[in-house]
1. Quick check: anything in region 360-375 free of Cβ contacts under 8 Å to residues at least 40 places away in the same chain and within 31 Å of the chain's Cα centre (by Cα)?
2. From the set of residues in region 3-41 that are away from the ligand (no atom under 16 Å from the Cβ) and part of a loop (DSSP other than H, G, I, E, B), which is surrounded by the fewest Cβ atoms within 10 Å (Cβ to Cβ)?
3. Which of the residues spanning region 17-32 are in contact (Cβ under 8 Å) with a residue 40 or more places away in the chain and under 18 Å from Gly71 (Cα atoms)?
4. Based on this model, can you work out whether Phe388 counts as surrounded by 15 or more Cβ atoms within 10 Å (Cβ to Cβ) and within 26 Å of the chain's Cα centre (by Cα)?
5. If you take the residues of region 221-251 that are within 24 Å of the chain's Cα centre (by Cα) and at pLDDT below 95, which of them is surrounded by the most Cβ atoms within 10 Å (Cβ to Cβ)?
6. Out of region 443-477, which residues are surrounded by fewer than 21 Cβ atoms within 10 Å (Cβ to Cβ), closer than 17 Å to Asn623 by Cα and charged (D, E, K, R)?
7. For a quick check of your reading of the model, give me the residue pairs whose first member lies in region 112-130 and is farther than 30 Å from Trp641 by Cα and among the small types (Gly, Ala, Ser), whose second is in a helix (DSSP H, G or I) and within 15 Å of the ligand (Cβ to nearest atom), with beta-carbon atoms closer than 6 Å and at least 6 apart or on different chains.
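The values are calculated or read from the model by the stated rules, or taken from the named source; none is laboratory data. Remember, it's a predicted structure, so these values are computed and weren't measured experimentally. Virtual Cβ from ideal backbone geometry, glycine too; neighbours counted across all protein chains shown.
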Amino acid sequence: MAGLSPVTVELLGAIARVSLNAPPVNAAGQALRQALWDAAAAIEADTKIKAVILVGKGRGFCAGADISEFGRPAQAPLLAELLGKIAAAHTPWLAALHGMALGGGLELALACHARIATPDCQLGLPEVSLGLIPGAGGTFRLPRVVGVAQAVEMICYGKPITGKQAAEIGLVDALADDLPTNALALAQDIATRGLTAVTGATGLRVAPEPPDWGALTATLRRKTRGQSAPLVALETIQTSLGLPEHKALAQERAAFIALRDGAESAALRHLFRAERAAMRPKQLGTAQPRATSNTGVIGGGTMGSGIATALLMAGYPVTLIERDESAATKGAALVRHNLDAAQSRGLIADTAALLNTFQTSTDYAALAPCDLVIEAVFEDFDIKRAVFTALEAHCAPEAILASNTSYLDLNALAATLAQPARLLGLHFFAPAHIMKLLEVVETNATAPETLATGFALARALGKVAVRAGVCDGFIGNRIMSAYRRECEYILADGASPADIDAAMRGFGFPMGVFEMQDLSGLEISYAMRKRQAATRNSAQRYIPIADWLVEAGRLGRKTKGGWYAYPDGKTPEPAPDTAALIARYRREAGIVPRRFEETAIMGRILAAMQGEGRAILAEGIANSADDIDVVMVNGYGFPRWRGGPMWMLANPTP
Ligand code: T1G
């Protein structure tokens, strides 16, 4: 806010309270750093001040360095210099943490001499998720406060912890629900009895025990699939253990700058921006969402029960409709299973409490109180039309109606409704309560406030949402069909399923396209190909091998055989039957198989993705290339640190 200083100082007796005030997240931009530098200098010179409380105004303490400043020349004071000044201060600083203390924000708290936090505060050094490492002392100070093992977890995997967990590992000295009162009391105690007497420590706390670096590196390399920042972070922590502070900080800074100016961080910062921009599509204009307080789901299968679980976990009461009692019971059991698993992972406190807001029914009249209903029944147009006819008959006229269809023509469905403006697509990805991506599909009749309600719901569910227009497969499935087609061409021309999957895993995908099809079931895309047969472009090359597999009863893992064989039901092994079908196709097509290098395979897959991406943009199915990247990274396993297929097209690496 123009003119208002991002840092204010109040005197509470001998205690100075320094407040960060740079909405929305107190990012440590140049103005804030300068103002804090000046405040620290003034405080250090004022001998009446015996202790300092550092707090954040608004949503949290500090979300770290200002990401929007990256890519511009660094301006003084640098965060590392500022933190060095606070760490070296004679007057003790107490950091009072609420909301979030992330990246440079936690480094700022670590430079302070003591910390108090609310139990639910998010504390973390997530720099690796931006292709960076902590650049203001985090790799030096954190291991010396919580030990190496904890520091490696937090820095190399970038996972934030809660205030409660931070207290358990000694990262914070006290917890408080009423932070202002307790922080003042603690600061006064420190001012009276001194830091060591209160916290039992001076400065950095533990002598870091060197772990088995080899094992840590191997695990990290396996889990981060080609991303470099986590490995640089591990190496920086390891080296810093044997260095004096100034040398350790210099080494950290050098590594930070090298990453900051590299392709990986540029790609990940692109995604940071793109994911936030995707939540504000231009089609929203100034439209306001309708309130959603009570929801309904039609269909209790894998998708329906997952969607119901996501809604319950976000605090919405849910009514699940099924065609009969036994199907309703099965659906309820799936929901309970999902919630129990979420509880065991600490994602929710109490399954039973959420189930109190959940009911099943076979009667659409039970949906009368719902203001948003999501249909997730079998992918058949006539079945869906019948469901929406029933919804229009039983739901309140202002209720929003959504379909979870992955493929069907939503414009055609909208045309069957009396009020098409209240229909949109909410295309979840399995498992719906876990996968981050949500395609919010706008028909040619969807009203802006209906779309706005879809995006508001996505935000409440913690999803990354992208607006998509209506076409076969919307954004993600359409691009997947394109690269799956290309993979089948490469297969027909000589590569094996294992060659192609190895190329995709080497590129950074969690699994290859053939393993993925075997996992989700070959009959799904078979049904889609059959549905598209009448309209398929006859000039387009068509490989029938996948059809032959399905017609031979090879549906994938569930039949212990698809592209691969699964003798143990889980581990893919080369399948002689599949190899025979591939050889038969090549023989009949007169193809002499040839070898493919992994780079050639990935080059063709990327080109197929980018080509389809360009078509999608030209048709207005996606608003921007960034949106396409957000879809591919959050829904199809495209490696985040590469930024996405369209980012790679626009930013070719030498
Ligand atoms: N810098 C600049 N803007 C930021 C920001 C940051 N660090 N963090 C958030 N914003 C903006 C964001 O773009 C959005 O703006 C608004 O704040 C609300 O965010 C030296 C180098 C804090 C958990 O990685 O994880 O410190 O889109 O929509 O979902 O070692 O934002 O509305 O215009 O995301 O409630 C390390 C990044 C930086 C934390 C809030 N810090 N931020 O999530 O809201 S690198 C991070 C987040 C660093 C040092 C290094 C989340 C959040 P707009 P939002 P949210």
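1. Taking every residue of region 360-375 in turn, none turns out to be free of Cβ contacts under 8 Å to residues at least 40 places away in the same chain and within 31 Å of the chain's Cα centre (by Cα).
2. Result: Gly3.
3. Matches in region 17-32: Ala27, Ala28, Gly29, Gln30.
4. Details: surrounded by 15 or more Cβ atoms within 10 Å (Cβ to Cβ): yes; within 26 Å of the chain's Cα centre (by Cα): no.
Criteria not met by Phe388.
5. Taking region 221-251 and keeping what is within 24 Å of the chain's Cα centre (by Cα), we get 221-234.
Narrowing further to those that are at pLDDT below 95: 221-226.
On the way: Arg221: 14, Arg222: 8, Lys223: 11, Thr224: 20, Arg225: 16, Gly226: 15.
It comes out as Thr224.
6. Within region 443-477, Asp472 is the sole residue that qualifies.
7. From region 112-130, the pairs are Ala117/Gly163.
So that you can scan it fast, the table gives a plain yes or no per residue for (1) surrounded by fewer than 24 Cβ atoms within 10 Å (Cβ to Cβ); (2) of a type outside the set (D, E, K, R):
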residue: Trp93; (1), (2): no, yes
residue: Ala101; (1), (2): no, yes
residue: Ala111; (1), (2): no, yes
residue: Arg115; (1), (2): no, no
residue: Thr118; (1), (2): yes, yes
residue: Gln122; (1), (2): yes, yes
residue: Leu125; (1), (2): no, yes
residue: Val128; (1), (2): no, yes
residue: Ile133; (1), (2): no, yes
